[in-house]
Amino acid sequence: DEFLSSPPRKTVRFGGTLADILLKYEKGETTDFELLKHQLSDPDIKDAQIINWLHEFRASVVYLTKELDQLVSILLKLPWLRRNQEVVEEYLGFLGNLVSAQTVHLRPCLRMIVSQFIPPRITIREDDVDISDSDDDDDENLSENFNTCHRALQTIARYVPSTPQFLMPILVENFPFVNKSERTLECYVHNLLRVTVYLPTLRLQILELVIEKLLKLDVSTPQQDIEDAEEAANNSGSQQKSTEEGLFDMEEDEERKGNKVVCSSSEGMAHPLAERLDILMTILFSYIKDVCHVDGKLDINRTKDLYRDLVSVFDKLILPTHASCHVQYFMFYICSFKLGLAEAFLDHLWKKLHDPNNPSVIRQTAGSYIGSFLARAKFIPVVTVRACLDLLVNWLHKYIDNQDTGANAYCDVALHGPFYSTCQAVFYTLIFRHKQLLDGNLRKGLSYLQSLNFERIVMCQLNPLKICIPSVVNLFAAITRKYQLVFCYTIIERNNRQFIPVVRSGTGGDLVQTCTNPLDSFFPFDPYLLKRSKKTIDPFYKFWEELSAEDLENLKKPIKKGTSEDEDDDFLKGETPQNDGVVGIAPNSYESNTRSPVSSIGSPADCYVLYP
């Protein structure tokens, strides 16, 4: 208040008072007006001059109508952010007065502020160069600028309640292209998410915008491309390191510098788009954590509200998108905060799966998410796994009751896509969780698995073993054979001999053969590859445990039925007599058409079993 009531500093200026200049301009005398614009556009304008002019403009905003939008545009281009605090405060006061008196200038004011959400750039020989991250001082100044921009937005929103509806389109328009620098994208996304803190009505729309952009990055960087880039970078790093070790006369400081280069490259992603995605996913995870926790403790109400928004974004953007590898992990992460959230997410997916009004592709995707989530989430206890298996398997049996004897009782992924997706989810879950399901009381665990009646599912006319991914089918077959739940190899062998990959109904009712299997795709929660953000996911993630020699030996030995409870431990160790053939690793004739793409570290390998 003391500052605002104090008289402006004396400065050298020409043209008289602002009120006089504007009155003359209305009468057609433009000389002083042009001089005013020239002074405001001067790149060397002093702080005292800016303060002096702003003080007068604040008292004259009533004259700044739409006809003077050119003058307002010059005022909005003033370099006010990188000035002393007096200039900043005076400018914020001017913005508040302007938008409250002349709402016609609201959009230009919002555009000016949003344009500051990215680091400033300088022009050198017509090339734009980021200067924001040159040193710690620049980072500190940049942070202060961002803080000031958010103060400006809050000031405008306080004067104009309709600010959010005008702001959102501007946020969309100004989102940087993905080929911009990592720093530019990082700053813009960070500032977008920060807007949701003081304008909560925009949170859902901003989350949709951010996740949509992340999704485009994600589908543009397949896992195989990321792995190939990392392998090439590692090979290049190894060669560089060996070359450095062979230089005897290298100076010690140069050697340290060289080693530092190799080290730093291992901290980021070799693939440029994956590097951008990694940085932005780290920001998103941090945002989710900060919103849900207050003083280090989980706030249930805030978490529920954010969960609802994220589920809405998941339904709108993630479920319909094919081949995303990383972005969907925002649901995995928030569900790790509390078991109730994980169960709510599973219930949500279950409703999507069994609702016949949903498109078939959405139902299939929901089934894939259920299987992958149950298999990979460490925080889901075995009691929840059993409850979900009961739901899924009961639905499969009812589906078989309705379809297995009708006119559509044949293997057709177009007709029965949700059924096959659910079968694959059940098989995949059993592969990852069978040890937990049997842990503690083998007899009770086996009784539960027998009650699921896998034999009826496997033997039905719809023939799910023919459609599901071979790596899943073969591991499922080996595990169910070991515990004598169902014998799958006769059906697998018959499917391979027939070699009719998939049958789809054509438009004219004819049957069309195709080698494309829509189930032959990545599971949604396959191993996370982005180096920075994976540190957030790994503590909650269940990796595939490679089968040891003992495990392989055990899979060769089926457990006898009717065994006494005292012998449970012996069966767990695989000490029962071996009555059947050998389980080995070999490719089969189906490999070329429906080979599983699950090849990342932490996933079941493509294993093919010699049939007993």
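The values are calculated or read from the model by the stated rules, or taken from the named source; none is laboratory data. Nothing here was measured: the structure is a model prediction, and the numbers come from that model. Heads up, the Cβs are rebuilt from the backbone with ideal geometry, glycines too, and the neighbour counts pull from every protein chain shown. Note: accessible area is taken over every heavy atom of the protein model, side chains too, but ligands, DNA and RNA are not part of it. Shrake-Rupley method; radii C 1.70, N 1.55, O 1.52, S 1.80 Å.
Structural remarks
- Taking every protein chain into account, the accessible area of the stretch 324-390 amounts to 32 square angstrom per residue (probe 1.4 Å).
- Residues whose amide H lies under 5 Å from that of residue 293, counting only those 5 or more places away or on a different chain, are 299; hydrogens are built 1.01 Å from N in the peptide plane.
- Here residue 103 and residue 23 are evaluated by their C-beta separation; at R0 = 22 Å the FRET efficiency comes out at 0.40.
- Net length gained if the chain between residue 170 and residue 444 were fully extended (0.36 nm per residue, minus Cα distance): 92.6 nm
- Here the accessible area is traced with a 1.4 Å probe on the protein chains. For the stretch 349-474, carbon and sulfur cover 49 percent of it.
- Stretch gain in nm, segment residue 227-residue 390, where the contour uses 0.36 nm per residue and the Cα spacing is subtracted: 55.0 nm
- Calculated FRET value between residue 111 and residue 302, using beta carbons and R₀ = 30 Å, to 0.05: 0.45
- For residue 453 and residue 543, a Förster radius of 41 Å and the Cβ-Cβ distance give a FRET efficiency of 0.85, rounded to the nearest 0.05.
- Cα gyration tensor of the stretch 15-62 - equivalent ellipsoid semi-axes, whole Å, descending: 19, 14, 7
- Annotation: extensible slack from residue 220 through residue 39 equals 60.3 nm (criterion: 0.36 nm per residue apart, minus Cα-Cα distance).
- Probe 1.4 Å - accessible area at residue 486, Å² to nearest ten: 10
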